[in-house]
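*Asks:* Handing you this structure, nothing more for now.
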Amino acid sequence: MAVLDGSPRTATITATGQVFVLHLPPATLSRILEKYPTIARRIDDELRRRTSSAGEQVAPADRVDRARLADLSARLRSIRNPDRAAAPDAKSRWLGLSKLFARGT
């Protein structure tokens, strides 16, 4: 969900055996979702299912894009954990990194 809505990662997975990991930066995921709308639709379906099971109904959309998925992800995050729901905006994240590098750490 973090790659969709820009929020901090909130889940950890521990493998019990050998796994293969695919790292998808946000820009790459956006290109995949544009090229393969079926993938975007399946993610949309799952986010709507989870949102519904958390008590909020979301209508299906005619068109599913990354913005829609980010919105659903943020809505689900706010339902499940209201204290951690707000994602920092891009400018805040950038300023945080620039301050880190300015200190030399």
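The values are calculated or read from the model by the stated rules, or taken from the named source; none is laboratory data. Since the model is a prediction, treat every value here as computed from it, not as a measurement. Quick reminder, even Gly has a Cβ in these numbers, built from the backbone with ideal geometry, and neighbours come from all protein chains shown.
*Asks:* Any idea how many residues of segment 42-60 are within 14 Å of Ser73 (Cβ to Cβ) and either touching a residue at least 24 places away in the same chain (Cβ under 8 Å) or in a loop (DSSP other than H, G, I, E, B) (or both)?
*Replies:* 9
Let's see how each residue does on (1) modelled with pLDDT under 90; (2) of a type in the set (S, T, N, Q); (3) under 14 Å from Ala70 (Cα atoms):
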| residue | (1), (2), (3) |
| --- | --- |
| Asp5 | yes, no, yes |
| Arg9 | yes, no, yes |
| Thr12 | yes, yes, no |
| Ala27 | yes, no, yes |
| Arg31 | no, no, no |
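*Asks:* Regarding segment 16-39, can at least one residue be identified that is of a type in the set (D, E, K, R) and either buried (at least 17 other Cβ atoms within 10 Å of the Cβ) or touching a strand residue (DSSP E or B) at 6+ places or on another chain (Cβ under 8 Å) (or both)?
*Replies:* The first filter runs over segment 16-39 and keeps only residues of a type in the set (D, E, K, R), leaving 31, 34-35.
Subset that is either buried (at least 17 other Cβ atoms within 10 Å of the Cβ) or touching a strand residue (DSSP E or B) at 6+ places or on another chain (Cβ under 8 Å) (or both): none.
Checked segment 16-39: no residue is of a type in the set (D, E, K, R) and either buried (at least 17 other Cβ atoms within 10 Å of the Cβ) or touching a strand residue (DSSP E or B) at 6+ places or on another chain (Cβ under 8 Å) (or both).
*Asks:* Further, regarding this structure: Go through (1) touching a helix residue (DSSP H, G or I) at 6+ places or on another chain (Cβ under 8 Å); (2) part of a loop (DSSP other than H, G, I, E, B) and name the single condition Ser73 misses.
*Replies:* Condition not satisfied by Ser73: (2).
*Asks:* Return the residue satisfying two criteria in turn: it lies in segment 67-81 and is more than 10 Å from Ser7 (Cβ to Cβ) and of a type in the set (A, V, I, L, M), and of such residues it is surrounded by the fewest Cβ atoms within 10 Å (Cβ to Cβ).
*Replies:* Ala67
*Asks:* Can you pull out the residues in segment 1-25 that are farther than 11 Å from Arg77 by Cα and small (Gly, Ala, Ser)?
*Replies:* Gly6, Ala11, Ala15, Gly17
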